[in-house]
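Down below is the structure, laid out as structure tokens.
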Amino acid sequence: MKNIQEVIQNLGIQAENKGASTGAVWFITSGAAIDSYSPVDGKLIAKINQGTADDYEKIMQTASAAYLKWRKIPAPLRGEVVRQIGNALREQKEDLGMLVSYEMGKSYQEGLGEVQEMIDICDFAVGLSRQLHGFTMHSERPLHRMYDQYHPIGIVGVISAFNFPVAVWAWNAMLAMVCGDVVVWKPSSKVMLCAIATQNIVAKVLANCNVPEGVINLIAAGSAYVGDQFLEDKRVPLISATGSTKLGKRVGRIVGERLGRSLLELGGNNAIIITEHADQDMALRAVLFGAVGTAGQRCTSTRRLIIQENVYDAFKAKLLKAYAQVTIGNPLDASNLVGPLIDKAAVESFTHAIAAVKSEGGNVIFGGEVLSGANYESGCYVKPCIAEAKNEFKIVQEETFAPILYIMKYKTIDEAIAMHNNVPQGLSSAIFSTNILETEKFLSQEGSDCGIANVNIGTSGAEIGGAFGGEKETGGGRESGSDAWKVYMRRQTNTINYGTELPLAQGIKFDF
């Protein structure tokens, strides 16, 4: 494995980095410097000089001009640029994956997996560039033809979260590019180096392909410099925001007031139902990865486990045994399954939630400690927690972005589904059962109310081929596969009269 300093150099990360770019052009930014410390070892990785409001305005003007050119390039040719971006990511997959792991804290294998998601969405978008299909309809009027088509929408603003510092941007940006849009990216202030490294990789491709400056833009800045003006900007018809429900409500309100579009990917409170007909060994594997993978910092992390009462004790025993075998430590070491939380604020949230579940009458049966010692010097490592709880507990109704799993019993499948749905969020869900009556009910209109519902696989690890997103306080947005591309375009219905008369619809007569 490469040394992290070698990786940083390969990705073009300097000791002090500029925070605003329109592609190959980086601005000399005057914003205050942000220090990026690794949660892995607590060491300073590099500094980022934040972009300012003036930088944002320069970017917006450049992006607006670029859009007028980019939208006229045929979609398959736009797809060719995306194909080359995918190849560039393949070449630097190991480096970028390691930086994701080091700056964010997820395991190196998960870092590689995140970059693979970027590559996969590039491949998907390349095919999509020849399939931006509309529809044809038969007109009720003679000698008339009707169809609808899709046009680029303009500038797409992408606000990404720390837990997937590069993949979520790619889900949006690669689809937006083939749709003829341009992108302005505002990454989480916790993982700005990942964004700068990605911009460096992409900028080389854009330059080699003679793509207009301003198609892919980056503004690495905190809200003190670039905040509500991004949401209020009428030049940005679509804002795609990933983050907390609190963030999403703010984005939705501000963008909605100007009648813009919001694509919101917000909180999850995901549950797995374990029925008495479940393959328990298979379920155990899914629960373990879903609950402790990425240290519980996925929006699709498993947070609730709803177990049929007849198999509750047996499955709980297996779960405790499995948790005892989880290795915690430096995520760049392949022998460790769980790395650190993103920062000490996340650790405080973890300990607060554990105290809250205890105060409500819950019972912590495993973990919950903050780890200390030479191997955990950053102060961001915790021992994943299992707590017996009730679904109606206030803390269980909330999303805690940490490895806490709440387990509870049920009697009937109807009771399990009711418990499952009785939370404000609605992202991902799963049931483990070999009984087709149970699984089909879970997938029916009276089953899971989530945007993602799985059978005999866990809540985490969605493929890019399907539309990703959720309902209720998860925001209702859809990204990635299926027909999620349509949100990045404006839809237009066209009617052509190729006759010499002008009949009106619905048989209306208007003679004069």
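Annotation: of all residues in region 365-385 being without any contact (Cβ under 8 Å) to a residue 12 or more places away in the chain and part of a loop (DSSP other than H, G, I, E, B), the one that is nearest to THR302 (Cα to Cα) is SER372.
At least 1 residues being touching a Phe, Trp or Tyr at 6+ places or on another chain (Cβ under 6 Å), surrounded by 24 or more Cβ atoms within 10 Å (Cβ to Cβ) and at pLDDT 95 or above is the threshold, and among the strands (runs of 3 or more DSSP E) wholly inside region 87-196 those reaching it are 155-159, 182-186.
Inside region 408-421, residues that are within 11 Å of CYS450 (Cα to Cα) and surrounded by fewer than 19 Cβ atoms within 10 Å (Cβ to Cβ) make up a count of 1. Checked against (1) within 26 Å of GLN109 (Cα to Cα); (2) buried (at least 19 other Cβ atoms within 10 Å of the Cβ), GLY373 passes all but condition (2).
If you go through region 232-246 and keep only what is of a type outside the set (Ser, Thr, Tyr), within 16 Å of THR474 (Cα to Cα) and touching a residue at least 24 places away in the same chain (Cβ under 8 Å), you end up with ILE239, ALA241, GLY243.
So which residues in region 217-234 are in a loop (DSSP other than H, G, I, E, B) and either among the small types (Gly, Ala, Ser) or surrounded by 17 or more Cβ atoms within 10 Å (Cβ to Cβ) (or both)? Before the answer, list the steps.
First, the residues of region 217-234 that are in a loop (DSSP other than H, G, I, E, B): 220-227, 233-234.
Of everything in region 217-234, those that are in a loop (DSSP other than H, G, I, E, B) and either among the small types (Gly, Ala, Ser) or surrounded by 17 or more Cβ atoms within 10 Å (Cβ to Cβ) (or both) turn out to be ALA220, ALA221, GLY222, SER223, ALA224, TYR225, VAL226, GLY227, ASP233.
If I filter region 383-392 for residues that are in contact with an Asp or Glu (Cβ under 6 Å, 6 or more places away or on another chain) and either at pLDDT below 95 or under 18 Å from VAL423 (Cα atoms) (or both), do I get at least one hit?
no
Residue check: is LEU247 in a helix (DSSP H, G or I), within 23 Å of CYS380 (Cβ to Cβ), touching a Phe, Trp or Tyr at 6+ places or on another chain (Cβ under 9 Å) and open to solvent by 10 Å² or more (accessible area, probe 1.4 Å)? When the stated conditions are applied, LEU247 does not pass them. The strands (runs of 3 or more DSSP E) falling completely within region 1-86 that include 3 or more residues that are under 30 Å from ASN330 (Cβ atoms) and within 24 Å of the chain's Cα centre (by Cα) map to 33-37. Out of GLU399, GLU388, one residue alone is open to solvent by 10 Å² or more (accessible area, probe 1.4 Å), in contact (Cβ under 8 Å) with a residue 24 or more places away in the chain and either touching a helix residue (DSSP H, G or I) at 6+ places or on another chain (Cβ under 6 Å) or within 29 Å of GLY476 (Cα to Cα) (or both). It is GLU399. Can you tell me which residues in region 250-270 are outside any helix (DSSP H, G or I), touching a helix residue (DSSP H, G or I) at 6+ places or on another chain (Cβ under 9 Å) and not small (Gly, Ala, Ser)? Correct list: ARG258, ARG261, LEU263, LEU264, GLU265, LEU266, ASN269, ASN270.
When the residues of region 318-365 are filtered to those that are over 17 Å from GLU388 (Cα atoms) and of a type in the set (S, T, N, Q), the one that is most open to solvent (accessible area, probe 1.4 Å) is GLN325.
The values are calculated or read from the model by the stated rules, or taken from the named source; none is laboratory data. As the structure is a computational prediction, the values presented were derived from the model and not from experiment. Every residue, glycine as well, gets a Cβ built from its backbone with ideal geometry; the counts of neighbours run over all protein chains shown. To get the accessible areas, we keep the full protein, side chains included, count just its heavy atoms, and leave off ligands, DNA and RNA. Shrake-Rupley method; radii C 1.70, N 1.55, O 1.52, S 1.80 Å.
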